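The values are calculated or read from the model by the stated rules, or taken from the named source; none is laboratory data. A quick note: this is a predicted structure, and the numbers were derived from the prediction, not measured. Note that each Cβ is placed from the backbone with ideal geometry, even for glycine, and that neighbours are counted across all protein chains shown. Just so you know, the surface numbers come from the protein's heavy atoms only, side chains and all, with ligands and any DNA or RNA stripped out. Shrake-Rupley method; radii C 1.70, N 1.55, O 1.52, S 1.80 Å.
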Amino acid sequence: MLTVSTVNVNGIRAAAKKENGLVEWLAATSAEVVCLQETRAEPGQMPDEVREPEGWHVVHAHSDQKGRNGVSILTRQQPEAVRIGFGAKEFDSSGRYIEVDLPGLTVASLYLPSGDVGTPRQDEKERFMGAFLPYLAKRKRAAKRQKREVVVCGDWNIAHREIDLKNWKGNQKESGFLPEERAWMDRVFGEAGYVDAFRKAHPEGPGPYSWWSYRGKAFDNDSGWRIDYQIATPGLAERVKEARIERAETYAARWSDHSPVTITYDFP
């Protein structure tokens with residue numbers, strides 16, 4: 001069995017400082033692979049406990065803009081190869097994508113831009129999406145030739161369907177649930193040929209959700225979004241045995257505004 005977990009940490013230094021936070025979660029998890037997003041720190045700025053935690057091999061990709069973005073992958077065994085970026089010059093030093101090769105499997109950590117309708121941030125998100133979809137298709141074709149599986153974990157910043165957010169009616173004109181963004185996700189699952197691994201185990205909704213705003217009573221009311229995914233090649237998705245979102249028991253127990261999405265695969 002192989003257990004993979006992914007979480008947007010909303011600042012790795014802050015998450016590591018919290019009582020019963022990221023450090024304790026890493027020490028307790030049974031996962032063999034952990035993908036982190038929005039670390040917002042260069043490796044030299046990270047506490048030792050998360051930069052090089054005991055028992056893990058760690059690779060980081062930080063942004064060339066200080067204090068922004070950042071992705072990491074932690075693996076129990078040493079990766080065979082590490083690649084930062086996906087060949088798009090604008091984004092390859094932005095701390096938004098890293099992938100590693102393990103025996104028979106490529107694992108990626110993705111932090112897709114969040115966007116904001118009518119602003120340059122949304123333009124950036126759309127450029128990223130435009131460059132990333134062809135890469136996903138290319139990566140899947142290469143993996144098939146190499147007889148490998150692929151899983152792209154991370155914060156995709158898009159809720160795909162109405163069952164993936166609580167207030168879908170009120171968010172149809174907001175970044176993260178725009179018709180064109182949802183159509184792009186359709187293409188990820190259609191022409192690119194990937195599968196939403198979590199929905200293999202939990203096809204029905206609404207929810208469960210993986211992100212809740214810190215504002216108001218969103219968490220207490222479970223007014224959340226499912227924007228954190230493990231998107232896999234079909235051969236791996238067919239091997240899903242268990243999938244869960246590790247939602248904190250209380251608002252006070254949270255160490256990020258996201259919760260880990262953890263999936264166990266019958267792999268290899």
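Working only within the range 100-120, note down all residues that are assigned to a strand (DSSP E or B), farther than 24 Å from Arg182 by Cα and not hydrophobic (A, V, I, L, M, F, W, C).
Asp101, Thr106
What single numbered condition from (1) part of a loop (DSSP other than H, G, I, E, B); (2) of a type in the set (Gly, Ala, Ser); (3) open to solvent by 40 Å² or more (accessible area, probe 1.4 Å) fails to hold for Gly176?
It is condition (3) that Gly176 fails.
Is it the case that some residue within the range 101-114 is more than 20 Å from the chain's Cα centre (by Cα) and farther than 22 Å from Gly193 by Cβ?
Within the range 101-114 (the criterion being more than 20 Å from the chain's Cα centre (by Cα) and farther than 22 Å from Gly193 by Cβ), the answer is yes, since at least one residue qualifies.
With respect to Ala192, is the statement that it is more than 17 Å from the chain's Cα centre (by Cα) and outside any loop (DSSP other than H, G, I, E, B) true?
no
Within the range 36-57, is there a residue that is surrounded by 24 or more Cβ atoms within 10 Å (Cβ to Cβ), of a type in the set (S, T, N, Q) and part of a loop (DSSP other than H, G, I, E, B)?
yes
Residues of the range 58-79 being out of contact with any helix residue (DSSP H, G or I) (no Cβ under 9 Å at 6 or more places or on another chain), open to solvent by less than 10 Å² (accessible area, probe 1.4 Å) and not in a loop (DSSP other than H, G, I, E, B), which ones?
Those that are out of contact with any helix residue (DSSP H, G or I) (no Cβ under 9 Å at 6 or more places or on another chain), open to solvent by less than 10 Å² (accessible area, probe 1.4 Å) and not in a loop (DSSP other than H, G, I, E, B): Ala61, Val71, Ile73, Thr75.
Taking only pairs six or more apart or across chains, which ones have beta-carbon atoms under 6 Å, a first residue in the range 78-90 that is more than 16 Å from Tyr135 (Cβ to Cβ), and a second residue that is crowded, with 18+ Cβ neighbours inside 10 Å and modelled with pLDDT of 95 or more?
Pro79/Val100; Val82/Val59; Val82/Val100
Looking at the structure I just gave you, is Lys144 in a loop (DSSP other than H, G, I, E, B) and under 29 Å from Gly193 (Cα atoms)? Before you say what the answer is, go through the steps one by one.
Numbers: in a loop (DSSP other than H, G, I, E, B): no; under 29 Å from Gly193 (Cα atoms): yes.
Against the criterion (in a loop (DSSP other than H, G, I, E, B) and under 29 Å from Gly193 (Cα atoms)), Lys144 does not qualify.
Restricted to the range 158-173, and to residues that are assigned to a helix (DSSP H, G or I) and out of contact with any Gly (no Cβ under 9 Å at 6 or more places or on another chain), which residue is least open to solvent (accessible area, probe 1.4 Å)?
The extreme case among them is Asn171.
When you scan the range 123-135, do you find a residue that is open to solvent by 40 Å² or more (accessible area, probe 1.4 Å), outside any strand (DSSP E or B) and among the hydrophobic types (A, V, I, L, M, F, W, C), even just one?
No, there is no match, as no residue in the range 123-135 is open to solvent by 40 Å² or more (accessible area, probe 1.4 Å), outside any strand (DSSP E or B) and among the hydrophobic types (A, V, I, L, M, F, W, C).
Do you know which of the residues in the range 196-232 that are aliphatic (A, V, I, L, M) and assigned to a helix (DSSP H, G or I) is modelled with the lowest pLDDT?
Per the stated criteria, the residue is Ala201.
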